[in-house]
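Below is one structure; the comments refer to it alone.
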Amino acid sequence: MKALVIGSGGREHAIVEALSRSPQVDKIYCAPGNAGIARLAECVNIGVTDIEALADFAESEGIDMTVVGPEAALAAGVVNLFNERGLKIFGPTKEAARIESSKEYAKQVMDRYGVPTAGYRSFDNYEEAKAYVEAGRIPIVIKYDGLAAGKGVVVAMSLEEADAALKDMLLDSAFGKGRVVIEDFLEGPEFSFMCVVSGDKVYPLELAQDHKRAYDGDKGPNTGGMGAYSPVPFIGDDVKTRALKEIMEPVAKGLVSEGNSFTGILYGGLILTDEGPKVIEFNARFGDPETEVVLPRLKSDIYALFDAALKGEDFTTEWDKDAVLGVVLASKGYPGSYQKGAEIKGLDKVESGLYHMGTALKDGKLQTAGGRVLMVTGKGATLEEARKEAMESLDKIDCNALFHRTDIGKAAIKLS
Ligand code: AMP
Ligand code: GLY
């Protein structure tokens, strides 16, 4: 089989790696890919939203299955176009992907199907939003209603902070013209629950925990994610089952009833409150960096899993008991502005578990080319062992333009 993966980050690197373990897959292409992915797949220079060119490529190369990484490709309608042209693709249509691209739509779906989440109101008018915040409780959560690469969320600890966020999003259109969703603040440990979904069929993957804040101790601004690990010791099987029955399955069924049947990865960003698991957000794709710690634990053939989902057939996944923990190396300044083009050395000394998130090869030298640049993971019988291996790999990498968190998984390691 020939597979095409769309995207260029660590998530796509991990998907490509999982596909490369499939006995059915002979050849993998990645569009556009990156310097790390190029070791496992043939990189094709087509952008993720250039959907006509992607479909032309899939057709002319005789690709058997395409797998979509990023939300931008979904929002551009890559799945709709491939479906129209009779090309096999794993991912939701643009309409079904609104569960991620529109926070208000996600909230409406949750309301309609009784899925537990934070109370909310949505606004496009600054004065009205401000009055609502002033009448409510602090902390309060303000979310830009659209795609903002994980950066459109402000957990405001004061009225001033809330007001600044509203001004940014509604008056200065920092992420584009749009609405905001204002949510009640929920408390508890967060975890990521990714499921393969095919209509009303849900095939759960193993859980992971992401670390969204930029700096140690969960300080600093929200990012796309600075590190992750799997499994998650403080989320028991009972909670996972509740999350499956009360959240993931009702949403999948709900989307079918809405006429927006979902095929692809439904990612639940969940929080374990005193009242049980609740939804913080949904994504319509694999999480990044969660994928880099979950897929290495998948023992089943991922091509067969995607194929079963596309056919609506049953599939039981098997998992490695070993833990995986990974740390993101990001460009100094991220998630704000940062420079690109710094040379990265020492990667040849890292034997395994290295995922490229934003790198480029220039004149034969590896350079930084994004906000999040590399994900270094370790694997072991326990999270502690996995962390040790990740840290050893991290020490071998030499680049003074990068920073990382030093506390990924530490709270979980103390617990387990
Ligand atoms: P999101 O992009 O919606 O996942 O939000 C980013 C981060 O903001 C989450 O991982 C949480 O840490 C935090 N957050 C979002 N919504 C809430 C909420 N309602 N209560 C508490 N924290 C939240
Ligand atoms: N790591 C969170 C996300 O992929 O949205």
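The values are calculated or read from the model by the stated rules, or taken from the named source; none is laboratory data. Since this is a predicted model, take the numbers as computed values, not measurements. Glycine gets a Cβ as well: all are built from the backbone with ideal geometry, and neighbour counts include every protein chain shown.
I'd like to know if segment 376-392 contains one or more residues that are farther than 16 Å from residue 211 by Cβ and part of a strand (DSSP E or B).
Here is the first cut: in segment 376-392, the residues farther than 16 Å from residue 211 by Cβ are 379-382, 384-385, 388-389, 392.
Subsequent filtering for residues that are part of a strand (DSSP E or B) retains 379-380.
Looking through segment 376-392, at least one residue is farther than 16 Å from residue 211 by Cβ and part of a strand (DSSP E or B).
The residue that is modelled with the lowest pLDDT, among those in segment 99-117 that are among the hydrophobic types (A, V, I, L, M, F, W, C) and in contact with a Ser or Thr (Cβ under 9 Å, 6 or more places away or on another chain), is 106.
The combined condition, being small (Gly, Ala, Ser) and out of contact with any helix residue (DSSP H, G or I) (no Cβ under 8 Å at 6 or more places or on another chain), is fulfilled by residue 135. When residue 224 is tested against the conditions (1) within 14 Å of ligand 2 (Cβ to nearest atom); (2) part of a strand (DSSP E or B), the lone failure is (2).
Checked against (1) buried (at least 20 other Cβ atoms within 10 Å of the Cβ); (2) under 18 Å from residue 39 (Cα atoms), residue 348 passes all but a single condition, namely (1).
Residue count for segment 163-177, restricted to those that are surrounded by fewer than 18 Cβ atoms within 10 Å (Cβ to Cβ) and either free of Cβ contacts under 8 Å to residues at least 24 places away in the same chain or not in a strand (DSSP E or B) (or both): 9. Entry remark, segment 351-364: residues being touching a Lys or Arg at 6+ places or on another chain (Cβ under 9 Å) and more than 19 Å from residue 18 (Cβ to Cβ) number 2 in total.
Which ones in segment 153-204 are within 15 Å of ligand 1 (Cβ to nearest atom), aromatic (Phe, Trp, Tyr) and at pLDDT 95 or above? Once the filter is applied, which keeps residues that are within 15 Å of ligand 1 (Cβ to nearest atom), aromatic (Phe, Trp, Tyr) and at pLDDT 95 or above, segment 153-204 yields 185, 191, 193.
Taking segment 1-27 as the range and being surrounded by fewer than 24 Cβ atoms within 10 Å (Cβ to Cβ) and either part of a loop (DSSP other than H, G, I, E, B) or in contact with a Lys or Arg (Cβ under 8 Å, 6 or more places away or on another chain) (or both) as the test, the residues that pass are 1, 2, 21, 22, 23, 24, 25, 26, 27.
In segment 110-123, the residues that are without any contact (Cβ under 8 Å) to a residue 24 or more places away in the chain and closer than 15 Å to residue 281 by Cα form no Cβ pair under 7 Å with any partner that is more than 13 Å from ligand 1 (Cβ to nearest atom) and among the aliphatic types (A, V, I, L, M), whether six or more places apart or across chains. Every residue in segment 115-131 that is closer than 16 Å to residue 180 by Cα, surrounded by 13 or more Cβ atoms within 10 Å (Cβ to Cβ) and within 15 Å of ligand 1 (Cβ to nearest atom), please. 118, 120, 121, 122, listed by residue number.
In this structure, is residue 64 free of Cβ contacts under 8 Å to residues at least 40 places away in the same chain, of a type in the set (Asp, Glu) and surrounded by fewer than 23 Cβ atoms within 10 Å (Cβ to Cβ)? No. Looking only at residues of segment 262-316 that are assigned to a loop (DSSP other than H, G, I, E, B) and basic (Lys, Arg), we find that the one that is nearest to residue 144 (Cα to Cα) is 285. Inspect segment 262-281 for any residue being surrounded by 18 or more Cβ atoms within 10 Å (Cβ to Cβ), more than 14 Å from ligand 1 (Cβ to nearest atom) and at positive phi and give the result as yes or no. Looking through segment 262-281, at least one residue is surrounded by 18 or more Cβ atoms within 10 Å (Cβ to Cβ), more than 14 Å from ligand 1 (Cβ to nearest atom) and at positive phi.
When 189, 204 are checked against the criterion of being within 16 Å of ligand 2 (Cβ to nearest atom), surrounded by fewer than 22 Cβ atoms within 10 Å (Cβ to Cβ) and closer than 19 Å to residue 116 by Cβ, a single residue qualifies: 189. Checking 337, 331 one by one, the residue that is small (Gly, Ala, Ser) and buried (at least 22 other Cβ atoms within 10 Å of the Cβ) is 331 and no other. Those helices (runs of 4 or more DSSP H) of segment 37-129 in which 1 or more residues are more than 27 Å from residue 2 (Cα to Cα), among the aromatic types (Phe, Trp, Tyr) and in contact with a strand residue (DSSP E or B) (Cβ under 7 Å, 6 or more places away or on another chain) are absent.
Does at least one position in segment 240-256 carry a residue that is within 16 Å of ligand 2 (Cβ to nearest atom), under 24 Å from residue 326 (Cα atoms) and buried (at least 18 other Cβ atoms within 10 Å of the Cβ)? There is no residue in segment 240-256 that is within 16 Å of ligand 2 (Cβ to nearest atom), under 24 Å from residue 326 (Cα atoms) and buried (at least 18 other Cβ atoms within 10 Å of the Cβ). The residues of segment 360-379 that are under 23 Å from the mean Cα position of the chain (by Cα) and surrounded by fewer than 19 Cβ atoms within 10 Å (Cβ to Cβ) amount to a single one, 360. Pairs are defined by a Cβ separation below 9 Å, a sequence spacing of at least 6 or placement on different chains, a first member in segment 186-200 that is at negative phi, and a second member that is among the acidic types (Asp, Glu) and more than 9 Å from ligand 1 (Cβ to nearest atom); the pairs so defined are 187/274; 192/290; 194/206; 194/290; 195/249; 198/313; 200/249.
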